[in-house]
Amino acid sequence: MGKKEAVLVTAAALALCAATAARAAEGDEHLSLSGGLPVTIEDAGSIQKGDIDTKLRFYYENQRKRGARNLLTVDPEIEVGVAPNLSFGVSPSYSLGNASGAQSGEVEFEIEYSVLPQSGSGTGILIEPLVSIPYGYSEDAVEAGLALRVTQPLTGSPTGPRLHLNARLLHLFDSDDGQRDNRYFLGAGVNFTVAPRTALALDVIREQSQERGSVENLVEAGVRHELMEKLSVGFGAGVGIGPDSPRYRLLLGLQKSF
């Protein structure tokens, strides 16, 4: 091998090392999925013991009902890692506007336990017992339930596409005649890297409302971007399908970890 060829080979090797290092430094934080960051679907990831995760999310819905159809929900959340694969979270949301559910809110308490921590190309499974307590002008009753989240990477790459499945079963205590005692939520989605520290998420969700006979269906898309280490922003939009679903939904969120 001549001197010129050796220089070219060395340069190519250095470029490959630099690209590999850059990819490693990029990490996979942009592929995390929390409710509203950037779509409704969530992944099966859990925070570490001693870590604190904070979120501030905004949801706007344009409903199909005549006249009063605007609803804006502000949903902050704080989550604390209390043990390995175990965290506790609370989110006191409040809704504004002129649609049903405005001028009221709910405080949701949740425990997240990672039954099978997601690592590499392996499957991640997380369960989440929760309870929701309404306040304000809401006439809703206390609701409790159990959520299941599953994440499956579709390739061996840490920044490759991932498949997510969500299910939730809720029980409404002291329900009225026109309300369901039990209802469900089902969702499926994928997310994948589209640029350094940026990912696109797509999902389809179906949720029974508390009102008997009413079911909401949404198709959503959103972008999540890691602004800097442990600081991410997400924006999403969804279109409702069916007479009980909102016309559209907009989602905006900011997440900061400590």
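The values are calculated or read from the model by the stated rules, or taken from the named source; none is laboratory data. Given the structure is predicted, the values throughout are model-derived calculations rather than measurements. For neighbour counting, all protein chains shown are included, and Cβ atoms are generated from backbone atoms with ideal geometry for every residue, glycine included. Note: areas computed on protein heavy atoms with side chains; ligands, DNA, RNA excluded. Shrake-Rupley method; radii C 1.70, N 1.55, O 1.52, S 1.80 Å.
About its Cα centre, the dipole of region 187-252 is roughly 120 debye, where the only charges are +1 on Lys and Arg Cβ and -1 on Asp and Glu Cβ.
Given the options 157, 109, 178, identify the residue whose Cα lies farthest towards the positive end of the charge dipole of the chain (+1 on Cβ of Lys, Arg; -1 on Cβ of Asp, Glu). Working it through, the farthest residue towards the positive pole turns out to be 157. Rounded to the nearest whole Hz, the Karplus-based 3J(HN,Hα) values (6.51 cos²θ - 1.76 cosθ + 1.60, θ = phi - 60°) of region 231-237 follow the sequence 9, 9, 10, x, 9, x, 8, with x at glycine and proline. Principal-axis analysis of the Cα atoms of the chain puts helix 3-26 at an angle of about 20° to the longest axis. Restricting the GluC sites (Glu not before Pro) of region 85-182 to loop positions (DSSP other than H, G, I, E, B) with no more than 12 neighbouring Cβ atoms within 10 Å leaves 139.
From the Cα gyration tensor of region 33-177, with a ≥ b ≥ c the square roots of its eigenvalues, which class applies: rounded if a/c is under 1.5, or else prolate if a/b is larger than b/c, or else oblate? Prolate shape, in that a/c is at least 1.5 and a/b is the bigger ratio.
Over the chain, dividing the summed -39,500 (n - 2.57) contributions of all DSSP H runs of at least 4 residues by the number of residues returns a 222 nm mean residue ellipticity of -3500 deg cm²/dmol. Sorting the Cα pairs of region 190-258 by distance into bins of 10 Å, from 0 upward, gives 20, 39, 26, 13, 2 percent per bin. Charged side chains reduced to their Cβ positions (Lys and Arg at +1, Asp and Glu at -1) give the chain a dipole of some 1100 debye around its Cα centre.
Each principal axis of the chain carries a Cα extent, and these read 86, 40, 27 Å when sorted largest first.
Surface exposure of the chain, expressed per residue as accessible area with a 1.4 Å probe, stands at 51 Å². With all projection directions averaged, the alpha carbon convex hull of region 63-135 covers 6.8 nm². Using DSSP to call loops (not H, G, I, E or B), can you name the chymotrypsin sites (Phe, Trp or Tyr not before Pro) in region 37-139 whose Cβ has at most 12 other Cβ atoms within 10 angstrom? Filter output for region 37-139: 137.
What is the distance in Å between the Cα centroid of region 41-79 and that of region 167-198? Result: 12 Å between the Cα centres. Between the beta carbons of residue 142 and residue 230, assuming R0 = 25 Å, the FRET efficiency works out to 0.15 to the nearest 0.05. Descending by average beta-carbon neighbour count within 10 Å, the peptides 151-158, 171-178 line up as 151-158, 171-178, the highest first.
Relative to the compact-globule estimate of 2.2 N^0.38 Å, the Cα radius of gyration of region 114-211 comes out at 1.36.
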